Amino acid sequence: MIASAPTPRELLTIAVEVARDAAATAHRMRAEGVSVAATKSTATDVVTAADRAVERQVLAALRDRRPGDAVLGEEYGVAGAGPDAGDGVRWIVDPIDGTVNYLYGLPYCAVSLAAEVAGEVVAGVVRNVFTGEEWTATAGGGAWRDGRRLRCSAEADLGQALVATGFGYAAGRRAHQARVVAELIPHVRDIRRMGAAALDLCLAAEGRVDAYFEKGLAAWDLAAGGLVAREAGLLVTGLSGRPAGPDLALAAPPALHGPLHARLADLDAAGGP
């Protein structure tokens, strides 16, 4: 028999505690000096010792608090019980989103931790490692930062929209993404590329950028930040009726979503390698 799941608020409380401790560890390790531990898709797609240490810390903390839950992490993959065990909770963690920024000491990287129940993300937190800024959301409970409920941009004119995006590490994908941006930029206010998807989604939730899109996001890039964005009123989708995911994630206010979606579809933003 499957036990009743904890509430989103209960899961968020755990997520915030774990993410704050994890961000503190990442900050301390950066101050002590950081080294590249490995590379992933290309020689420029790095993993630091801190990525691995922080994810191990998160796994241990979740195992202590909720030993029956499954965990999906960027560095170590699937751990713990399957999603149908216990009450069906799975945690999704990116220990340091924006690793290259972290490596260079650029203050735009974050710990991202989300809780998923029965395949739906119901709680999430994104915490900037350097600044301590923290964004939280629960399904149906809104998105928040520093006690303030977040609302996305009210911008309705694509030509006035500040749009964030990101690039992959494989040369072929970057070339395709660069072509998309080159064709898009005459039709928007400007483009921003800051290097951490979870934080980009949170900035869109606040209206500090008007919209965001990127190809190649994994579940750990999208889970917590995507919930924050949705709960702030953004539409978070893929292209042509597909859900947000590796092909493309687009987060935009309702008034901007249609025209930006149309432009990205025309540019084959979900295509390429």
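The values are calculated or read from the model by the stated rules, or taken from the named source; none is laboratory data. These numbers come from a predicted model, not from an experiment. Heads up, the Cβs are rebuilt from the backbone with ideal geometry, glycines too, and the neighbour counts pull from every protein chain shown. When the accessible area is computed, the model is the full protein with side chains, heavy atoms only, and any ligands, DNA or RNA have been set aside. Shrake-Rupley method; radii C 1.70, N 1.55, O 1.52, S 1.80 Å.
The convex hull built on the alpha-carbon positions of the chain has an orientation-averaged projected area of 13.5 nm². Rounded to the nearest Hz, the phi-derived 3J(HN,Hα) couplings of segment 12-27 under the Karplus curve 6.51 cos²θ - 1.76 cosθ + 1.60 (θ = phi - 60°) are 5, 4, 5, 4, 5, 4, 5, 5, 5, 5, 5, 5, 5, 5, 4, 5, where x marks glycine and proline. Quick note on segment 168-221: its Rg to Rh ratio, both from C-alpha atoms and Rh being the Kirkwood radius, is 0.97. Computed over protein heavy atoms with a 1.4 Å probe, the accessible surface of segment 178-250 works out to 35 Å² per residue. Against the main long axis of the alpha-carbon atoms of the chain, helix 254-266 sits at an angle near 70°. Taking 10 °C and 1.306 mPa s as conditions, segment 197-273 diffuses translationally at an estimated 133 µm²/s according to Stokes-Einstein applied to its Kirkwood radius (Cα pairs). With R₀ set to 30 Å, the beta-carbon distance separating Arg208 from Glu120 gives a calculated FRET efficiency near 0.65. Under 5 Å between amide hydrogens, built in the peptide plane, is the criterion, and for Glu116 it picks out Arg90, Trp91, Ile92, Val122 among residues at least 5 positions away or on other chains. Among Leu260, Leu201, Leu113, whose mean-square fluctuation peaks in a Gaussian network model of the chain (Cα, cutoff 10 Å)? Between Leu260, Leu201, Leu113, it is Leu260 that shows the largest mean-square fluctuation.
For Glu32 and Arg189, calculate 0.36 nm times their separation in residues minus their Cα-Cα distance, and state this gained length in nm to one decimal. Gain on stretching Glu32 to Arg189: 52.5 nm.
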